[in-house]
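**Student:** The following block contains the structure, expressed as structure tokens.
The values are calculated or read from the model by the stated rules, or taken from the named source; none is laboratory data. Note that the coordinates shown come from a computational prediction; the quantities given were computed from them, not determined experimentally. Here Cβ is always computed from backbone atoms with ideal geometry, including for glycine, and neighbour counts include all displayed protein chains.
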Amino acid sequence: MARQPSSGLIKNKTAVAGIGQTAFGKGLADTELSLACQAISSALADAGIHPSEVDGVASYTMEPNREVDVARNVGLGEITWFSQVGFGGGAGCGVVGQAAMAVATGQCSVAIAWRARKRADPTSRPWAQAQARLADSSQWTRPFGVIRPVDEIALLTRRYMHEYGGTRDHLANIALAFRKHASRNPASTMGHKPMTRDDYMNARWISEPLCLFDNCLETDGALAVVVVSAERARDLKQPPAYIHAFAQGLPPQHQTMTNYFNEDPLRGPAWTAARRMWEMADVTPADVKVAQLYDAFSPLIILSLEGYGFCARGDGGPFTDDGNIEWPNGRLPVNTSGGGMSEAYVHGFNLVLEGARQIRGTSTAQVEGADVSLVTSGEGVPTSAILFTKDA
Amino acid sequence: METGWLLPDLSDPTASEFWLGCARGELLVQACGSCGTRRMPPRPMCPRCRSTDVRWEPTSGRGRIWSFIVAHPPLLPAFSAVAPYNAIVVELDEAPTIRFVGNLVTGADGEINEIDPATITIGEPVRVVFHRIDDVTLPRWARS
């Protein structure tokens, strides 16, 4: 059945008009609810919109704070649209994009989306809370010691290295670039700690072929955005980051995180989201000036560079050579705030805010002339992606 | 050593036939009772023909290593006790897209940390062996 590509009904119809975040750290005193409310309140103040105007709410299914509690604290108005997106870090662009769909279709006029999390406490890690008897898909992996997300992605990484010749040097390129970017970002938690290639190569193993520095951070913190119509955004305090294109992606026969059971496990959800996003967009990968790619683990960057069409399959590793993903001179500066590996890991929501800051011109590693800014969410899980543009 | 190991819930109706097979020393795969398409992990409906009829078929129990890792702490206590250990993905000789996560061991009751990880290679042939922990029999893999 032939399907006609559609440019979609939401292209350029909405914008991120406000962004807000708390401090990032380990062992923050405030509760997750307090952090969520502070980030949302700050995003609304940034936009210049009173909380009583908020009538749409989008959140991750893994978000611990319920809409009712957020609304009662921040003093939101009558909510006429609320929704959640699943699959952990795959939801980041999903909640923002679904908020955009709700605003564009008139279900609400001012939508908020956020993520709040206290992950720095080791006992808060989901894998550490595994039940002794497994009846879900984890029964096919955990009894064999494939327990943590890093183990699940390391299996795909080793296979990738075997099929395409990827190396630890490629992964080091990624870790070093993000640390370098974080060093310019006072909000980052790791910017004060420089990293050398030797540091990377000598780091302890976590799940070979992945070492400590291939992993994201564990962070307490919260971030939020405000989505309104493009018309409204033009009258507000901040330069709009227009939501030019948005897609989610869940490919056929995909199994989240442990995608070993189909014909092409290395072709993940990024390819599905990318196809739909580029169909909708007036621009191509060559037009993207800066990208925030989901980096729970460094190899996800390589898969995302391929999936979103910045290079051919198998070329994602070499793409990271020669400073290609580094600010300011790289062909495609990636994760300019430091990302999940060096700024903060808040389930990828910090990537959304940095993508909007690049359009505003307020990043601490600002790419000159950044008029098209890509943000992606988790690869290896059902995912989502947004293209922000400066002009609508 | 294996106290606190993560194990399948044998009462899961979708998967129990697989684990019963392991207990008998058989590596089974689920197949559609209508069109015959094999699928693993098991699930209630055939994605090719939508039949909910299911049958379980024996396999050769032989395959090749598709990928592997070596896990180091931090891990759950039962697994930290044997770390670093290997975990592998095996593709079946007769159906390469049917894959199993497992461990490479020297024999049925070998430890998952006995084989020097530096000697493990993608593509090497393996055969299934079965290892009992509590009331569960896990498929593991030995070099063949």
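**Student:** Give the residue, chosen from B:I69, B:I122, that is in a loop (DSSP other than H, G, I, E, B) and touching a Lys or Arg at 6+ places or on another chain (Cβ under 8 Å).
**Tutor:** The unique qualifying residue is B:I122.
**Student:** Give the number of residues within region B:1-17 that are within 11 Å of chain A (Cβ to nearest Cβ) and either farther than 23 Å from A:T258 by Cα or touching a helix residue (DSSP H, G or I) at 6+ places or on another chain (Cβ under 9 Å) (or both).
**Tutor:** 11
**Student:** Within region B:90-138, track down each residue that is within 10 Å of chain A (Cβ to nearest Cβ), within 19 Å of B:A15 (Cα to Cα) and touching a His at 6+ places or on another chain (Cβ under 8 Å).
**Tutor:** B:L138
**Student:** Identify, from the list A:R159, A:R142, the residue that is of a type in the set (K, R) and surrounded by fewer than 24 Cβ atoms within 10 Å (Cβ to Cβ).
**Tutor:** Only one candidate qualifies: A:R159.
**Student:** Mind checking which residues of region A:133-153 are free of Cβ contacts under 8 Å to residues at least 40 places away in the same chain and at the interface with chain B (Cβ under 7 Å from one of its Cβ atoms)?
**Tutor:** A:R133, A:L134, A:A135, A:Q139, A:R142, A:P143, A:F144, A:G145, A:I147
Quick grid of which residues meet (1) surrounded by 20 or more Cβ atoms within 10 Å (Cβ to Cβ); (2) closer than 16 Å to A:A116 by Cβ; (3) free of Cβ contacts under 8 Å to residues at least 12 places away in the same chain:
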residue	(1), (2), (3)
A:G25	no, yes, no
A:L35	yes, yes, no
A:Q38	yes, yes, no
A:A45	no, no, no
A:D55	yes, no, no
A:M62	no, yes, no
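**Student:** While we're looking at this one, here's another question. Kindly indicate which of A:S377, A:S337, A:S384, A:S304 is more than 25 Å from A:E32 (Cα to Cα), buried (at least 24 other Cβ atoms within 10 Å of the Cβ) and in contact (Cβ under 8 Å) with a residue 24 or more places away in the chain.
**Tutor:** Result of the check over A:S377, A:S337, A:S384, A:S304: A:S304.
**Student:** Hey, among B:R64, B:R99, B:R50, which residue is part of a strand (DSSP E or B) and over 19 Å from A:P143 (Cβ atoms)?
**Tutor:** One residue alone meets the criteria, B:R64.
**Student:** Let me ask something additional. Kindly evaluate A:W114 against the criterion of being farther than 30 Å from A:C311 by Cβ and in a helix (DSSP H, G or I).
**Tutor:** So A:W114 fails the test.
**Student:** If I filter region B:54-66 for residues that are free of Cβ contacts under 8 Å to residues at least 40 places away in the same chain, facing another protein chain (nearest Cβ under 7 Å), within 20 Å of A:L266 (Cβ to Cβ) and out of contact with any His (no Cβ under 6 Å at 6 or more places or on another chain), do I get at least one hit?
**Tutor:** Among the residues of region B:54-66, not one is free of Cβ contacts under 8 Å to residues at least 40 places away in the same chain, facing another protein chain (nearest Cβ under 7 Å), within 20 Å of A:L266 (Cβ to Cβ) and out of contact with any His (no Cβ under 6 Å at 6 or more places or on another chain), which makes the answer no.
**Student:** (1) in contact (Cβ under 8 Å) with a residue 60 or more places away in the chain; (2) assigned to a helix (DSSP H, G or I): which one isn't true of B:G21, the others all being true?
**Tutor:** (1)
**Student:** Return the residues of region B:67-78 that are touching a residue at least 60 places away in the same chain (Cβ under 8 Å) and facing chain A (nearest Cβ under 7 Å); say none if nothing qualifies.
**Tutor:** B:L76
**Student:** Here's something else I'd like to know. Can you tell me which residue within region B:29-43, out of those that are within 13 Å of another protein chain (Cβ to nearest Cβ) and closer than 21 Å to A:S138 by Cα, is surrounded by the fewest Cβ atoms within 10 Å (Cβ to Cβ)?
**Tutor:** Per the stated criteria, the residue is B:R43.
**Student:** Out of region A:235-258, which residues are surrounded by fewer than 24 Cβ atoms within 10 Å (Cβ to Cβ) and either in contact with a Cys (Cβ under 9 Å, 6 or more places away or on another chain) or free of Cβ contacts under 8 Å to residues at least 40 places away in the same chain (or both)?
**Tutor:** A:D235, A:A247, A:Q248, A:P251, A:P252, A:Q253
**Student:** Among the listed residues A:A203, A:A241, A:A224, identify the single one that is at pLDDT 95 or above, within 14 Å of another protein chain (Cβ to nearest Cβ) and in contact with a helix residue (DSSP H, G or I) (Cβ under 6 Å, 6 or more places away or on another chain).
**Tutor:** A:A203
**Student:** Okay, next question. Which of the residues that make up region B:1-28 are over 19 Å from A:S138 (Cβ atoms) and modelled with pLDDT of 95 or more?
**Tutor:** Across region B:1-28, the qualifying residues are B:L20, B:G21, B:A23, B:R24, B:G25, B:E26, B:L27, B:L28.
**Student:** Look through A:A172, A:A130 and report the one residue that is within 22 Å of A:S304 (Cβ to Cβ), of a type in the set (G, A, S) and either in contact (Cβ under 8 Å) with a residue 12 or more places away in the chain or more than 8 Å from chain B (Cβ to nearest Cβ) (or both).
**Tutor:** A:A172
**Student:** If you don't mind, another one. Going by the structure shown, is A:Y160 in a helix (DSSP H, G or I), in contact with a helix residue (DSSP H, G or I) (Cβ under 8 Å, 6 or more places away or on another chain), in contact (Cβ under 8 Å) with a residue 24 or more places away in the chain and within 21 Å of A:S337 (Cα to Cα)?
**Tutor:** no
**Student:** Take the conditions in contact (Cβ under 8 Å) with a residue 12 or more places away in the chain, in contact with a Ser or Thr (Cβ under 6 Å, 6 or more places away or on another chain) and small (G, A, S) and apply them to A:A100. Does it pass?
**Tutor:** yes
**Student:** Please state which of the following conditions A:V283 fails to meet, knowing it meets all the rest: (1) under 30 Å from A:S6 (Cα atoms); (2) crowded, with 24+ Cβ neighbours inside 10 Å; (3) aliphatic (A, V, I, L, M).
**Tutor:** Among (1) under 30 Å from A:S6 (Cα atoms); (2) crowded, with 24+ Cβ neighbours inside 10 Å; (3) aliphatic (A, V, I, L, M), A:V283 violates only (2).
**Student:** Now, a different point. Which one is farthest from the chain's Cα centre (by Cα) among residues in region A:176-225 that are among the polar types (S, T, N, Q) and not in a loop (DSSP other than H, G, I, E, B)?
**Tutor:** Among those residues, the one meeting the criterion is A:N202.
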